[in-house]
Each structure stands twice: as C-alpha cells, then as structure tokens.
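The values are calculated or read from the model by the stated rules, or taken from the named source; none is laboratory data. As the structure is a prediction and not an experimental result, all values here were calculated from the model. Here the Cβ is made from the backbone with ideal geometry for all residues, glycine too, and neighbour counts use every protein chain on show. The protein model used for the area step is the full one, side chains on, heavy atoms only, and it has no ligands, DNA or RNA in it. Shrake-Rupley method; radii C 1.70, N 1.55, O 1.52, S 1.80 Å.
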Amino acid sequence: SSDLDPLFPFGYGLSYTTFDYSGLKTAKADDGGLDVTVAIKNTGRVDSDEVAQVYLGAPSDVPDGVQFPVRALVAFDRVNIPSGETRTVTLHVAPRQLQYWSTKEQKWATTSGARTISVGGSSRSLPLHTEVDAQKM
C-alpha cells in the first residue's frame, strides 16, 4: 500500500547539528537540465556534513496513461559546512529527470506544465519550494 510512512525518511539522522536553507534559485543548465542553487548555513555548534536533496514533483499537466510519483529525488550532494558558516551549493538535475517515456511516441518526451522543485535535508524536511516548467526554461 502506498500510504505507508517509512520509520526513517531518506537523509534522516545524518547530522549532529542543524541547518538553515535559503536563497533557492533555478537556472537552465547547458545540457538542457536544471541547476538548482541553494545556500545552507550550519546553525549548530558542530562542524558537519549535510546532504542537500532536490525533489521534483509531478507535472501539473499529466499525459494520458503516464504515471508520475508525487515527488522524486532527482539530485543530491554531501557538503561539509563548518559551524556558523554558509555554503552555496549547486545541484544538477539531468535532462532525463525532466522527461518521461512516451509509449505513444516511443521516445523520451519533456513534460509540460508546472512542476514543483523542493529542496532540503531529508524527504520530510523540504523547506524551500519553487515551480519550473521544463518546456519554458
């Protein structure tokens, strides 16, 4: 059943400190994908690693017969951030992550419509959100 919640979400319990996310920006990448940039501040007292994660929501315009997850992990990176410092991280979302396999056309197709980009340190802690349309980037 899809309504089961995992006991520990992806990224849970990896750190002994706290982090604050801000300044979310998205830009079309040279390869047709997406670059997601975010500032992460270590607000705790311990130098630590954070695993920044980018999730992509289902498109607002879903083609007939195509299924999308509510939210899919499309990029992540581990970054070391000393206590009290801020690191700006750019995570790359590959072009294929913005596409789906069209059985009708027998090829990869780019979705149309808005998709939500969510960024944070675990699948249950995604403080930043923005919308993108892969066909209008």
For this session: Just flag the GluC sites (Glu not before Pro) in region 83-137 sitting in loop per DSSP whose Cβ has no more than 12 other Cβ atoms within 10 Å.
Result: E85, E105
For this session: Kindly write out, for region 125-137 in residue order, the coupling ³J(HN,Hα) from the Karplus curve 6.51 cos²θ - 1.76 cosθ + 1.60 (θ = phi - 60°), rounded to whole Hz, with x marking Gly and Pro.
Result: 10, 10, x, 10, 9, 8, 10, 9, 10, 4, 7, 10, 6
Exercise. Cross-link partners among lysines for K136, C-alpha distance below 27 Å, same-chain residues fewer than 8 apart left out?
Worked result: K25, K28, K104, K107
Seminar exercise, completed: Env charge @ L91, Cβ radius under 9 Å, K,R +1 / D,E -1, value -2
Problem set entry | Set of aspartates and glutamates near K41 by C-alpha distance (under 13 Å), chain-local residues within fewer than 8 positions excluded | D20, D49, E50, E85
Exercise. For T17, what is the net charge nearby, where nearby means another residue's Cβ is under 10 Å from its Cβ and Lys, Arg count +1, Asp, Glu -1?
Worked result: -2
Exercise. Gaussian network model of the chain, Cα springs within a sub-10 Å range: biggest mean-square fluctuation belongs to which of Y21, Y100, Y55?
Worked result: Y100
Problem set entry | Normalised contact order of the chain, rounded percent, pairs of Cα under 8 Å and 6 or more residues apart | 27 percent
Problem set entry | Assigned charges on the beta-carbon of Lys, Arg, Asp, Glu; region 9-109 dipole about Cα centre (debye) | 100 debye
Exercise. With every protein chain left in place, what is the accessible area of F19 in Å² (1.4 Å probe, nearest 10)?
Worked result: 40 Å²
Exercise. From the list (i) 0.95; (ii) 1.14; (iii) 1.08, can you say which value of Cα Rg over 2.2 N^0.38 Å was derived from the structure given?
Worked result: (ii)
For this session: Please list the non-local residues whose amide H lies under 5 Å from the amide H of A52, H modeled 1.01 Å from N, same-chain partners needing a gap of 5 or more.
Result: D77, V79
